[in-house]
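To start, the structure itself, in structure tokens.
The values are calculated or read from the model by the stated rules, or taken from the named source; none is laboratory data. Worth saying up front: this structure is predicted, and the values here are computed from it rather than measured. Backbone-built Cβ (ideal geometry, glycine too); neighbour counts: all protein chains shown. Side chains are part of the model used for accessible areas, which takes the heavy atoms of the whole protein and leaves out ligands, DNA and RNA. Shrake-Rupley method; radii C 1.70, N 1.55, O 1.52, S 1.80 Å.
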Amino acid sequence: MNELATTATLLGVFVLVLLAGGLWVALALMAVGLATIFLMVSVPPGAVMATTIWGSVNSWDLAALPMFIWMGEILFRTKLAEDMFTGLAPWMRRVPGRLFHVNVLGCAIFAAVSGSSAATTATIGRMSLPELKRRGYDERMAIGTLAGSGTLGLLIPPSIILIVYGAATEQSIARLFIAGIMPGIMLAVLFMGYCAIWALVQRDRMPVPDERVPYLTRLWQTRRLFPVLALIAGVIGSIYGGFASPTEAAVVGVVLALLLSAFSGTLTRASFMDALRQATRTSCMIVLILAGAAVLTVAMGYTGIPRELAAFIGSLELSPYALLAALTLFFVVLGCFLDGISIVVLTTSVILPMIEAAGLDIIWFGIYLVLVVEMSQITPPVGFNLFVLQGLTGYNILKIARMTLPFFLLMIIAVVLVVAFPQIALWLPQTMLSR
């Protein structure tokens, strides 16, 4: 055990050195995996790498990945965010917190069609932050709500990171998607509740209410929400109803996104090619990370480190709650240095045996993991949402992190609720399977 612990420590240091040197995450993982096989195992490294990479990316479930990314890129270039703001804002006039709720609801809706945390934050923030500032809303609160709500892109389906987790653990991506709905809504409600309480306590920092909008005018403006709601219903409804697999639903989403873009007048040859090009880049990056992590996973499997580590954790006889508390701290610290997808693919093979030994549901653990990874999106120094907001506002990343602290604490509450009441994540998948 001591020898394996020393080996694991050296491998961990090697990975950190390569990452600190600026090497791509995927190449760093692959390099460590190949070095491990070459030095410690009597098998041909080239053959192992070739078969492992092919096996990790030759998955029908992964076909949904580029399609959902493409759908999000298409919608990123439409007037969707503007339409959501126009449709939602008139209904928030009498709600404590008023237009802060538009940030939360806008992010939740856009998350349901983009699957990306960074895209959600950038799209909604680009439109809402100048508007909230113009109307006199507190800037710290506006940035905080946007940073926190932007993380919903990781949880509310279609979630790119849930596709990656499903492929890595060989779990049903459809069940993972449906399992993310209730926790995503719960998190949005927590954010909106905080906004309302803050507005009631800090009345002097809220602007004068806007002029009252006639009821019929509000109804007329709400029509601009219908296209995106139809898109969400088409994608998520087809999966929940059992009419389409996630991959087939992704194709439906792309077609609907193209139609929505065409009807809104934003679909041009340039925007089409730009969306396709960016989706290809993002997809290739994620698949390359998956391939690198697969090589490292196989290498570690040869050394026996995951098996021994799981046995060691089991010998400690930790309760499931103690194990989850330790993992939460571990993932939050790891999230300070790696992006969410890298965390999932790097740790899944090691953590999964412990989770199975503790008797925890693998689908439920995926939702828990995404919630914790969401927290890492707003923790410096590598919180992606913080970088996006730094680009939008020009503020120091640590200053933005302080603004988002209340929402980080709300995410901790969400994690506690999901751990205490697992049915929050498991009820909908169970009803889906019983249909």
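So the values come out like this:
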item	result
Per-region count, region 157-171, residues at pLDDT below 85, of a type in the set (Ser, Thr, Tyr) and under 21 Å from Thr297 (Cα atoms)	1
Top-ranked residue of region 291-312 - restricted to ones that are open to solvent by less than 50 Å² (accessible area, probe 1.4 Å) and not hydrophobic (A, V, I, L, M, F, W, C), ranked as modelled with the lowest pLDDT	Pro306
Odd one out for Gly359, checked against (1) open to solvent by less than 20 Å² (accessible area, probe 1.4 Å); (2) in a loop (DSSP other than H, G, I, E, B)	(1)
Meets criteria (closer than 20 Å to Gln221 by Cα and at pLDDT 80 or above) for Leu88	no
Segments classed as helices (runs of 4 or more DSSP H), wholly inside region 30-143, with at least 2 members that are charged (D, E, K, R)	80-88, 117-134
Pair list, Cβ < 6 Å and 6+ apart or interchain, from region 1-24 residues that are closer than 17 Å to Leu296 by Cα and at pLDDT below 75 to residues that are open to solvent by 60 Å² or more (accessible area, probe 1.4 Å) and in a helix (DSSP H, G or I)	Leu4/Glu308
Residues satisfying the stated conditions in region 43-92, i.e. open to solvent by 50 Å² or more (accessible area, probe 1.4 Å) and charged (D, E, K, R)	Asp61, Arg77, Lys79, Glu82
Qualifying position, being in a helix (DSSP H, G or I) and open to solvent by 50 Å² or more (accessible area, probe 1.4 Å), among Ala249, Ala233, Ala279, Ala257	Ala233
Set Met182, Met186: member being touching a residue at least 24 places away in the same chain (Cβ under 8 Å), under 28 Å from Gly237 (Cβ atoms) and open to solvent by 70 Å² or more (accessible area, probe 1.4 Å)	Met182
Identity of the residue in region 5-42, open to solvent by 30 Å² or more (accessible area, probe 1.4 Å) and of a type in the set (Ser, Thr, Tyr), that ends up nearest to the chain's Cα centre (by Cα)	Thr9
Number of the condition not met by Ala196 [criteria: (1) among the aliphatic types (A, V, I, L, M); (2) over 11 Å from Gly97 (Cβ atoms); (3) open to solvent by less than 60 Å² (accessible area, probe 1.4 Å)]	(2)
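Each row is one residue, and each column tells you yes or no for (1) in contact with an Asp or Glu (Cβ under 6 Å, 6 or more places away or on another chain); (2) assigned to a helix (DSSP H, G or I); (3) at pLDDT below 90; (4) open to solvent by 20 Å² or more (accessible area, probe 1.4 Å).
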position: Leu389; (1), (2), (3), (4): no, yes, yes, no
position: Leu392; (1), (2), (3), (4): no, yes, yes, yes
position: Lys399; (1), (2), (3), (4): no, yes, yes, yes
position: Ala414; (1), (2), (3), (4): no, yes, no, no
position: Met432; (1), (2), (3), (4): no, yes, yes, yes
